[in-house]
1. Any chance region 131-144 includes a residue that's part of a strand (DSSP E or B) and either out of contact with any strand residue (DSSP E or B) (no Cβ under 9 Å at 6 or more places or on another chain) or of a type in the set (Val, Ile, Thr) (or both)?
2. Could we say that Leu146 is under 19 Å from Pro187 (Cβ atoms), under 11 Å from the mean Cα position of the chain (by Cα), buried (at least 24 other Cβ atoms within 10 Å of the Cβ) and modelled with pLDDT of 75 or more here?
3. Restricting to region 152-174, name every residue that is part of a loop (DSSP other than H, G, I, E, B) and either free of Cβ contacts under 8 Å to residues at least 40 places away in the same chain or among the aliphatic types (A, V, I, L, M) (or both).
4. The conditions are (1) at pLDDT 90 or above; (2) open to solvent by less than 20 Å² (accessible area, probe 1.4 Å); (3) in a loop (DSSP other than H, G, I, E, B), and Leu120 fails exactly one of them. Which is it?
5. If you take the residues in region 160-185 that are out of contact with any helix residue (DSSP H, G or I) (no Cβ under 9 Å at 6 or more places or on another chain) and hydrophobic (A, V, I, L, M, F, W, C), which one is nearest to Pro217 (Cα to Cα)?
6. So, in region 238-256, how many residues would count as being open to solvent by 30 Å² or more (accessible area, probe 1.4 Å) and in contact with a Pro (Cβ under 9 Å, 6 or more places away or on another chain)?
7. Give region 151-200 a look and list any residue that's among the acidic types (Asp, Glu), open to solvent by 40 Å² or more (accessible area, probe 1.4 Å) and either under 21 Å from the mean Cα position of the chain (by Cα) or at pLDDT below 95 (or both), or say none.
8. Is it the case that Pro115 is at pLDDT below 75 and out of contact with any His (no Cβ under 7 Å at 6 or more places or on another chain)?
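The values are calculated or read from the model by the stated rules, or taken from the named source; none is laboratory data. In this text the structure is predicted, and so the values were computed from the model without any measurement. Every residue, glycine among them, receives a Cβ derived from its backbone with ideal geometry; neighbour counts consider all protein chains shown. For the accessible areas, the whole protein counts, side chains as well, though only heavy atoms, and no ligand, DNA or RNA atoms are used. Shrake-Rupley method; radii C 1.70, N 1.55, O 1.52, S 1.80 Å.
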Amino acid sequence: MFALRVLFLGWLAVQTKSQLCMDDDFGVLFGGPQPYFKVSRNGTCQCPNNGFAGRGTLLTGLDQTSAVKNVEAYVSALHASIASTKAMIQTLTAVAASQQPLIDALLNPDTALSPASSGLALSQPSTTCLALKIATPGLASGIKTLFSPSGNLAQFYCDMSTDTGGWTQVWKAASTDYASSTLDYFPGSRSIIAASTYMMFAFADANNVLTQAWKFPIPPAFMLYAPMSIEWCNYNVINATRISDGHTTTQILRAGYASFGGPCDDSCTAPRIHPSYPTGYYWGAICLKSTTVVAPPTGTTPQGYLDFPYYSGFAVAGYENCARSDQTYSATSCTTSRLFTIFVR
């Protein structure tokens, strides 16, 4: 309507041989004389009560014609400015939409975003569940949004209650028959593992209620490789603590995708050659051995240690089990309510 009024008054001034007024003060504010938008018939330009100190200039003859052309140019520039503003608004709207997950996390850090992982303190972006726990002590367990060192958002399950909380879940079995020797930590969890001191093994149900939970300092090899995909047989002497009662012991953690017999203390052997597996017959075992071991792959010891999780058969089809280290591997099968999981803190 503003632009139409400008053009109409200019046209009216020419058609009626009237004079077009210029508001000099208005022009000063906006970079030069601008149309006053009032046709004068008595030769006087009196500025209306529009908030500007008023003085006007009468335009006649060629000046008036030129003024009308200037008005047209002004309106054209105004249209271009409006189009540019619209484009800017569209860009800002798109940027705001792309940051909506961050906005949601900032406004409501205790809201589950999706089943994969989440968390964020209002005071400072958190990179681990432990940092989130420190920033927001009363935060409940659940999916939390965390920030990677590169600034990307990622979602992880945070256990905020077990052993005072602050545990970030970096792996949980999503199958009971993987048949894989390349199982790795969750995407985006490497930086969290690198920033952590302790690792926790346990079995978890669908709601991440834990059983047989044990913690121990993270072996250097586990910083580089997940226990399921570390080559062959890996042995680390660890100081392990059972979460349920604080029982602590120094024993040998066995991991890797190599073959074995049945108990945790059984000999670790190279992948077996089989007609169906020309490159090797993998098996896989993670458990706690109770005494020292002869140099792999031929070491043998008496037995596994107590109820430390014994996760085995993940590298071969049809044999995935979730038992105790002091049992034979097949004592308890893995189910959807009993899945091997790894946390770090």
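1. In the first step, residues of region 131-144 are kept if they are part of a strand (DSSP E or B); the result is 142-144.
Within this subset, residues satisfying the condition of being either out of contact with any strand residue (DSSP E or B) (no Cβ under 9 Å at 6 or more places or on another chain) or of a type in the set (Val, Ile, Thr) (or both) are 143.
There is at least one residue in region 131-144 that is part of a strand (DSSP E or B) and either out of contact with any strand residue (DSSP E or B) (no Cβ under 9 Å at 6 or more places or on another chain) or of a type in the set (Val, Ile, Thr) (or both).
2. Working: under 19 Å from Pro187 (Cβ atoms): yes; under 11 Å from the mean Cα position of the chain (by Cα): yes; buried (at least 24 other Cβ atoms within 10 Å of the Cβ): yes; modelled with pLDDT of 75 or more: yes.
Criteria met by Leu146.
3. In the first step, residues of region 152-174 are kept if they are part of a loop (DSSP other than H, G, I, E, B); the result is 152, 160-161, 165-166, 173-174.
Asn152, Met160, Ser161, Gly165, Ala173, Ala174, listed by residue number.
4. The single condition Leu120 does not satisfy is (1).
5. Filtering region 160-185 down to residues out of contact with any helix residue (DSSP H, G or I) (no Cβ under 9 Å at 6 or more places or on another chain) leaves 161-163, 171-184.
Still in the running and hydrophobic (A, V, I, L, M, F, W, C): 171, 173-174, 179, 183.
On the way: Trp171: 17, Ala173: 22, Ala174: 25, Ala179: 28, Leu183: 21 Å.
Residue satisfying both the conditions and the ranking: Trp171.
6. In the first step, residues of region 238-256 are kept if they are open to solvent by 30 Å² or more (accessible area, probe 1.4 Å); the result is 239, 242-248, 250.
Subsequent filtering for residues that are in contact with a Pro (Cβ under 9 Å, 6 or more places away or on another chain) retains 239.
Summing the residues that are open to solvent by 30 Å² or more (accessible area, probe 1.4 Å) and in contact with a Pro (Cβ under 9 Å, 6 or more places away or on another chain) in region 238-256 gives 1.
7. Residues of region 151-200 among the acidic types (Asp, Glu): 159, 163, 177, 184.
Narrowing the set further to residues that are open to solvent by 40 Å² or more (accessible area, probe 1.4 Å) leaves 163, 177, 184.
Residues satisfying the conditions are Asp177, Asp184.
8. Details: at pLDDT below 75: yes; out of contact with any His (no Cβ under 7 Å at 6 or more places or on another chain): yes.
Spelling it out, Pro115 is indeed at pLDDT below 75 and out of contact with any His (no Cβ under 7 Å at 6 or more places or on another chain).
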